[in-house]
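The values are calculated or read from the model by the stated rules, or taken from the named source; none is laboratory data. Predicted model, so just to flag it, every value in this text is computed and none were measured. Neighbour counts are summed over all protein chains in view; Cβ atoms, including those assigned to glycine, are modelled from backbone coordinates with ideal geometry. The accessibility values were calculated without ligands, DNA or RNA, using every heavy atom of the protein model including side chains. Shrake-Rupley method; radii C 1.70, N 1.55, O 1.52, S 1.80 Å.
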Amino acid sequence: MAKMAAYAVESGEDAFRKIFKFYKRRNPPPDFSDVIDFSRSAPSDQVIPALLDPGAVSDEEAARVGLRPVRDWRAFGLPGYPGFMFITNPFLLGSKPFWVRQCLKTYPQKPNVCNLDMHMSPSDTQDIWDKSVGGLSHNQRQPKTLLDRLRWVTLGYHYNWDTKTYSASHYTPFPADLHSLSFHITSACGFPGFNPQAGILNYYRSDSSLGIHVDESELDHSRPLLSFSFGKSAIFLLGGTRRQDPPTAMYMHSGDVMVMSGQSRLLYHAVPRIVAAPQGHPALEASGSSRHGSVVEPLSEQDWAVCSRYSHSSRVNVTVRQVLAPGQSFPETPSSH
Ligand code: SIN
């Protein structure tokens, strides 16, 4: 953070925007040497070990959702960011393809909501996967499939992008498998009883970015926000509570998980750039075999081929949120009468 901070402080007002533009720049490409890579990190003055609770999740419970035993996870924090936790790919080898398939094939299905619903009829967006497989574009000239055009999906309490709110009336059941995965990860991070109620999936092409924002629409900010990354890597910027605070840049690789809680729950953040997965860190490995009672199923050959092709050209991020505290309800609004 130190070198970047010096760069930004000179730059005046909106230090976050300056650094966002720095990493988004194509020509000349930026210098990535300040970007923290937790997958290669050992504890230092930049990166500190984070405490997990291995007793909170049994090895069987972890394996059921495709996770390694908690004692084998590598978890880090950042000095100056209390409540921020970064877990480098805690997934068992062969289980990520299942979660990628859920993101590409299952979660975009009705009753969940996606960007394509904004200008297409429900019957046209009914079978995004079936209408896309076989035709997933290899090059710019082919017409884009629905999967290529997928930008976001919402789950549970469906986020309203215009009003930046959730509402009681726009809810469909949150996926049980993602609920279970999120519940176990947050338990291991010291947040028992996390109740995932809303999810936002963001789909990134190689040239996509996500603007500077704070996730504050949830009514209960005492619960963590969980973020999963699959496919290509991203540069993630984590700032402060003010746009003048210079952000810290870090890589998010396929399988990495972030937990933002406490003072880090309401910080500015953004994704200025998607980058290639590094050598030795494949965007997607082969699908593994199924264990008895596991949520994670092996993929058919065709599903794996589509997920693998997608993961090499694109990225999916899943954020999972608890919207309401136990017993809390949405405030009454005039339109609810
Ligand atoms: C988000 O902030 O909502 C998503 C961030 C990411 O894609 O890593």
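The table below lists the values:
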{"item": "Dipole-positive endmost among Ser217, Pro175, Leu147 within region 122-242 (Cβ charges, Cα centre)", "result": "Leu147"}
{"item": "Over 26 Å (Cα to Cα) - which of Lys164/Lys232; Lys110/Lys131; Lys24/Lys232; Lys105/Lys232; Lys21/Lys131; Lys144/Lys164 fall in this group", "result": "Lys164/Lys232; Lys21/Lys131; Lys144/Lys164"}
{"item": "Whole-angstrom gap from region 276-297 to region 170-245, using each part's C-alpha centre", "result": "21 Å"}
{"item": "q = 0.08, 0.11, 0.14 Å⁻¹, region 2-321: log10 I(q)/I(0) [Debye, one scatterer per Cα]", "result": "-0.35, -0.68, -1.16"}
{"item": "For the chain, built as a Gaussian network whose Cα springs stay under 10 Å, the top-fluctuating residue of Glu301, Glu61, Glu218", "result": "Glu301"}
{"item": "More than 17 angstrom apart: percent of Cα pairs within region 211-296", "result": "58 percent"}
{"item": "Residues of region 2-321: accessible area per residue with a 1.4 Å probe, Å²", "result": "43 Å²"}
{"item": "Calculated FRET value between Ser329 and Ser217, using beta carbons and R₀ = 22 Å, to 0.05", "result": "0.90"}
{"item": "By average C-beta atoms within 10 angstrom, highest first, the peptides 306-313, 225-232, 288-295", "result": "225-232, 306-313, 288-295"}
